[in-house]
Amino acid sequence: MMTRTKRTIAQRTRPILGVATDITSPRLRRAIARVFRAIQKHPKDWARLRRRVRGILLKDLIDNDPSCLGMWVTDSREKKLFLAERRCRSLPLDPKFHVPGHILISTGVDRLPWPRLVALIAHECGHAVTREHEFNKRDGHDSEWSSELCADRHAFRWGFEREMRVFAQHRDFGHHAVLPGEIIWQEGIAFKVDRYFYLRRCPDRDDPENLES
Ligand SMILES: [Zn+2]
């Protein structure tokens, strides 16, 4: 049930292309609209975003983590309902890819340079739109990396490669970036990201000093 505060905010602030928000900063609203219009060119993604994103809200995220600028959070009550409904069925599904939620944007981000602002919003929308099968296909090494790869892939598909490459240099640890052509090491084992955002083994770049025996 919507609280009185949320109802007041929703009434006071105009939605952005149909998505509820409490954001009033004209620059931030323009950046969100810019990303939403790009997603609208991919009707299946836009339909999924509209189904899942109940709102895009301003929140003081920096209190918990000074480097956290945005976050996609699924609704915990919906997760419990989803799991209860699926209890009798055989197909295992992870509620985090199916239930609605909110995109949270940290207060103060409207001061970011325009490419970083747009990339931040595109990245969070990418998390919201990620489908379970997309994640599973990229999982197997480290699920945190898989989640970030999926979100960034969507941002690239929507036309924000340039902005994402600028944003990648400033990303916080929770949304660590690895973009096509780049290499990461996990316990000394090297992986290169291909243009479809899959991690590919890259043995000639392994780091022998950190390899587990
Ligand atoms: Zn992320």
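The values are calculated or read from the model by the stated rules, or taken from the named source; none is laboratory data. Only a predicted model underlies this, so the values are computations on that prediction, with no experimental measurement involved. Reconstructed Cβ throughout: ideal geometry from the backbone, glycine too, with neighbour counts over all protein chains shown. Just the protein is used for accessible areas: all its heavy atoms, side chains included, with ligands, DNA and RNA removed. Shrake-Rupley method; radii C 1.70, N 1.55, O 1.52, S 1.80 Å.
Ranking Ser67, Ser76, Ser146, Ser25 from most to least accessible surface, computed with a 1.4 Å probe over the protein chains only, gives Ser76, Ser67, Ser25, Ser146. Per-residue Karplus couplings for segment 149-166, computed as 6.51 cos²θ - 1.76 cosθ + 1.60 with θ equal to phi - 60°, are listed in order as 4, 5, 4, 5, 4, 5, 4, 4, 4, 7, x, 10, 4, 4, 5, 5, 5, 5 Hz, Gly and Pro entered as x. Listed values for segment 177-185 are Karplus-derived 3J(HN,Hα) couplings in whole Hz (6.51 cos²θ - 1.76 cosθ + 1.60, θ = phi - 60°), namely 10, 9, 10, x, x, 8, 10, 10, 10, and x replaces Gly and Pro. Placing +1 on the Cβ of every Lys and Arg and -1 on the Cβ of every Asp and Glu, with nothing else charged, gives the chain a dipole about its Cα centre of roughly 1780 debye.
Expressed as a whole percent, the accessible surface of the chain that belongs to carbon and sulfur atoms is 51, based on a 1.4 Å probe.
Backbone geometry of segment 100-108 corresponds, through the Karplus equation with coefficients 6.51, -1.76 and 1.60 at θ = phi - 60°, to 3J(HN,Hα) couplings of x, x, 10, 8, 9, 10, 6, 4, x Hz, x marking Gly and Pro. Per residue, the chain exposes 57 Å² of accessible surface when a 1.4 Å probe is rolled over the protein heavy atoms with every protein chain present. Listed by chain and number, the lysines whose alpha-carbon sits under 25 Å from that of Lys80, ignoring those within fewer than 8 places in the same chain, are Lys6, Lys59, Lys96. Taking amide hydrogens as placed 1.01 Å from N in the peptide plane, the amide H of Gln186 sits under 5 Å from those of Phe191, each at least 5 positions away in sequence or on another chain.
Taking only the C-alpha atoms of the chain, the Rg (one decimal) and the largest Cα-Cα distance, Dmax (whole number), read 18.2, 60 Å.
Candidates Thr13, Ser147, Ile39 compared by Cα position along the dipole of the chain: farthest toward the positive end lies Thr13, with charges placed on Cβ.
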